[in-house]
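The values are calculated or read from the model by the stated rules, or taken from the named source; none is laboratory data. Here the structure is a predicted model, which is why all the values come from computation and not from measurement. Cβ atoms come from the backbone with ideal geometry, glycine included; neighbour counts cover every protein chain shown. Just the protein is used for accessible areas: all its heavy atoms, side chains included, with ligands, DNA and RNA removed. Shrake-Rupley method; radii C 1.70, N 1.55, O 1.52, S 1.80 Å.
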Amino acid sequence: MNLNKLKQNKKKLFAAAAVLWLLACMFVTPVFTTVTLTFENDPHGEVVTTVFSGPGENVSGRDEHHRVVVNGVARIFFGDLQYGSHCSLKRIDPLDQHYSTGEPLTITRLTVSKNGIQTVDLTGDKLGTYFTVNSDLELLGEDGFTFLVTGEDSQMLPTEAFQTLCAQTPFAVRLLGALGSGILLVLAILLVRWFTRTIAGQSLFSKLIFCVLFGGLFAATLMTIFTGFWNPFYLNPDEYHTLSAVNYYFSHFMPPDMRDPAIIDSYAIYGTTRHSEWTLFYFLTAKIGQFFADPIIRVRFFTTVTFCIMAGIALKNVKKNWALSAMLLLTPQVWYLFSYCTSDSLDFFMSFLCMYEVMKKDSMLNRVLDEPFCKKQLLYMALLGLLFVQPLWGKPTFYVVLIFIFLVLLIRLFYTPKEKRMTLLWKYLGIVGFTLGIFTIRYMITDFPYYGLFGKYQVYMDMMEQTALPEYKLSTPALERAYSMSFMEKGITLEQLLTGFDFNKNLFRTFAGFFGSYAFGARDWYYTVMAILYLAIIGYLLAQAYRKKDSRTWWEIGAAALSMFIQYALIVYNAWVVDFQPQGRYLLPIVFYAAYLIHRTDCEGKSKVLRILLCLTCLLSLYSFYTVGIPNLVSVHGIQA
């Protein structure tokens, strides 16, 4: 009886709190504001539009919100509070740098939306009425809003009439603000409640460890989303070439022929195009991104969502399978990978799901392998085949993940009782059959009509020769090619490569945390400490294996070591034979092998040493991304803030 009354009281209290929240939001409304400036022509180069908006009367550094102008549109969004007749928008800098081309620009439209509802819409003719300019802008003519940049601090200052217009907030905006903020508040409460229940009954040490892992995953997710939605395209490696492939799928469903003149602009200076790849990344990014108007969000939303899914899976298993967190917390380079548009992110995501199936005791894969065979398992095998084919469609660096999984499952087969081995082997073959079958069907649909059975590689090489710049053509004599190309043909030995070009140093640094187009790195001590922590983790795993004296553990360590060697050898081969690129993102799959060994060593989460080492690595990674990554990637000019 008391329980029923308590439930009824909870419902009444929740309803009363909801009503009070709604009433409060009618007076002080949480507002998601979007200010959009549309230029008649896209300004030359990478230029930034900045809006200053805040609660104070005077402009401060905290009021700054900026976005890069893309295709003639600057869309700046930020959170705000609307109360009374207060207008938080203080200033707009249309071009927040010295625009030295000498060409006049015209703003044709300015709109302000609150919680998705447009509240201000001004065309060029009206802009002159609602804004004045400072001395670094010169208005040209009386019609429209055409101006010439004459200094480095161009400013549009809103008049009192604009502030009055902008402060108007319809009831629908207030209602949406109350509902949206209320939902976020409830979700935050539920998340905290889940966390407190998860750590209930644990020792103080375990609670501290869970707090660090939980906080690390949550902070990494927030920083990845923030960086992804605010960092400009030009700071990230090869993102413009990725965008050319994504943009194609906004209006197409099937991959193009590499020889199609319509995609000639997608070819890079190397003579390569993203359209030659099998990955579904470009298709999925475009089809999901088409529901968004912002040019940055529409090409990065899918990437950030996949990271959120991984973080959610790791959080859910933080108590029973905490090693999953290691895949995301061993290096901040993973977070950076998901903060811009790159197909490597989907390869990593799918590899994460593959390792999740291997590591989780009651996963679909382990249920298929452990339970007696039934017809229903054929569906599960097909789904697993669809999952395992994804890294096969990705970049070669992620093929090694499949090699590692193959070795782990092979070791499992050898340690299975003899009477069950044949059944397990047939299940393995069934999954492999579905994987190869899906790969073949996909090829016959999307590639065979263009290239036949074995003609794709030849077309790829022909197009490379046709479209590459002279210094990147394979037909160009080796000594006349670009500096980074064909070291082996230029007479550089493998020993010279590994010892004379800071190859290993750069490879490790770009793995442990180096951001942008490998331009923004931490101080030397950071990489030294990270190296010590990585070696400590490896040393502890080996020491535990020695104490355990289990042959299967040593075979799995051997599988991980072999996979790491193959990973490294592929990078060395590419740098020596093809193009010198000691990039740590090609080394990222080793976090999967390390996480698996951590899982096998401490599946019950009893090792204090391993958890302390992971927490230290997590905290150091957070430090690096927060103090180096974000200030450089999200600052206006891409320089240290």
Subject >> For Asp579, distant residues with modelled amide H under 5 Å away >> reply: Ser486
Subject >> Hz values of 3J(HN,Hα) by residue in region 114-125 - Karplus curve (6.51, -1.76, 1.60), Gly and Pro given as x >> reply: 10, 6, x, 10, 6, 10, 9, 9, 10, 8, x, 5
**OP:** Working from Cα positions, state the angle (0 to 90°, nearest 10) between the long axis of helix 2-27 and the longest principal axis of the chain.
**Re:** 40
Subject >> Debye equation applied to the C-alpha atoms of region 308-415, log10 I(q)/I(0) at 0.24 Å⁻¹ >> reply: -1.49
**OP:** Find how many whole Å separate the alpha carbon centroid of region 368-389 from the alpha carbon centroid of region 444-509.
**Re:** 39
Original post:
Does region 512-641 come out rounded, prolate or oblate by the C-alpha gyration tensor, with a ≥ b ≥ c the root eigenvalues, rounded set by a/c under 1.5 and, if not, prolate when a/b is larger than b/c and oblate if not?
Top reply: oblate
Original post:
Where the Cα atoms of region 455-590 are projected onto their three principal axes, how long is each span, largest first, in whole Å?
Top reply: 58, 40, 27
Subject >> Degrees, to the nearest 10: 344-359 long Cα axis against longest axis of the chain >> reply: 50
Original post:
What does the accessible area per residue of the chain come to in Å², with a 1.4 Å probe and no ligands, DNA or RNA counted?
Top reply: 48
**OP:** Only loop residues by DSSP count here, and only those with at most 11 other Cβ atoms within 10 Å; note down the chymotrypsin sites (Phe, Trp or Tyr not before Pro) in region 164-265 that meet that.
**Re:** Phe253
Original post:
Could you give me the ³J(HN,Hα) list for region 259-265, computed from phi with Karplus coefficients 6.51, -1.76, 1.60 and θ = phi - 60°, whole Hz, x at Gly and Pro?
Top reply: 8, 5, x, 5, 10, 4, 6
Original post:
What would the Debye formula give as log10 I(q)/I(0) at q = 0.05, 0.12 Å⁻¹ for the alpha-carbon point model of the chain, no solvent?
Top reply: -0.28, -1.42
**OP:** Let me have the 222 nm mean residue ellipticity of the chain computed from DSSP H runs of 4+ only, each contributing -39500 (n - 2.57), with the sum over all residues rounded to the nearest 500.
**Re:** -17500 deg cm²/dmol
**OP:** Can you give me the three principal axis dimensions of region 1-160 from its C-alpha atoms, in Å, biggest first?
**Re:** 80, 30, 27
Original post:
Under the classification rounded if a/c is under 1.5, otherwise prolate if a/b is larger than b/c and oblate if not, where does region 295-339 fall, given a ≥ b ≥ c as square roots of the Cα gyration tensor eigenvalues?
Top reply: oblate
Original post:
In region 394-499, how does Rg compare with the Kirkwood Rh, expressed as the Rg/Rh ratio over alpha carbon atoms?
Top reply: 1.17
Original post:
Using the Kirkwood radius built from alpha carbon pairs, what does the Stokes-Einstein equation give as D for region 173-219 at 10 °C and 1.306 mPa s, in µm² per second?
Top reply: 129
Original post:
Dipole magnitude of the chain about its Cα centre, charges +1 at Lys/Arg Cβ and -1 at Asp/Glu Cβ only, in debye to the nearest 20?
Top reply: 4620
Original post:
Tell me, how many Å apart are the Cα centres for region 574-617 and for region 130-204?
Top reply: 40
Original post:
What are the residues whose amide H is under 5 Å from the amide H of Arg91, where those residues sit 5 or more places off or on another chain and H is modelled from the backbone?
Top reply: Phe52
**OP:** Starting from the eigenvalues of the Cα gyration tensor, five times each then square-rooted, give me the equivalent ellipsoid semi-axes of region 354-452, largest first, whole Å.
**Re:** 26, 16, 12
Original post:
Over all Cα pairs of region 155-254, how is the pair count split among 10 Å bins, expressed in % and running from 0 up to the last occupied bin?
Top reply: 11, 18, 21, 29, 17, 4, 0
**OP:** Give the whole-number value, in cubic angstrom per residue, of the convex hull volume spanned by the C-alpha atoms of region 74-163.
**Re:** 102
**OP:** Compare Ser135, Ser607 by solvent-accessible area with a 1.4 Å probe and give them largest first, with all protein chains kept in place.
**Re:** Ser135, Ser607
Original post:
Within the accessible area of the chain, what % is carbon and sulfur when the probe is 1.4 Å and the other protein chains stay in place?
Top reply: 65
Original post:
Against the longest alpha carbon principal axis of the chain, how many degrees, from 0 to 90 and to the nearest 10, is the axis of helix 204-230 turned?
Top reply: 50
Subject >> In Å², nearest 10: area of Phe373 left accessible to a 1.4 Å probe >> reply: 120
Original post:
What list of ³J(HN,Hα) couplings, whole Hz, do you get for region 287-303 from phi and the Karplus terms 6.51, -1.76, 1.60, once you set θ to phi - 60° and write x for glycine and proline?
Top reply: 5, 7, x, 5, 7, 10, 8, 5, x, 7, 5, 5, 9, 10, 4, 4, 4
Original post:
How much accessible area does Tyr573 have with a 1.4 Å probe, in Å² rounded to the nearest 10?
Top reply: 130
**OP:** Show the residues, 5+ positions off or on another chain, whose built amide H is closer than 5 Å to the amide H of Phe145.
**Re:** Ile107
Subject >> Within the chain, percent of DSSP bridges classed antiparallel, to nearest 5 >> reply: 100
**OP:** Order the following by accessible area, largest value first: Asp294, Asp238. Probe radius 1.4 Å; ligands, DNA and RNA are ignored.
**Re:** Asp238, Asp294
Subject >> Relative intensity, log₁₀ I(q)/I(0), of region 272-351 from a Debye sum that treats every alpha carbon as a point, q = 0.18, 0.19, 0.23 Å⁻¹ >> reply: -0.78, -0.84, -1.08
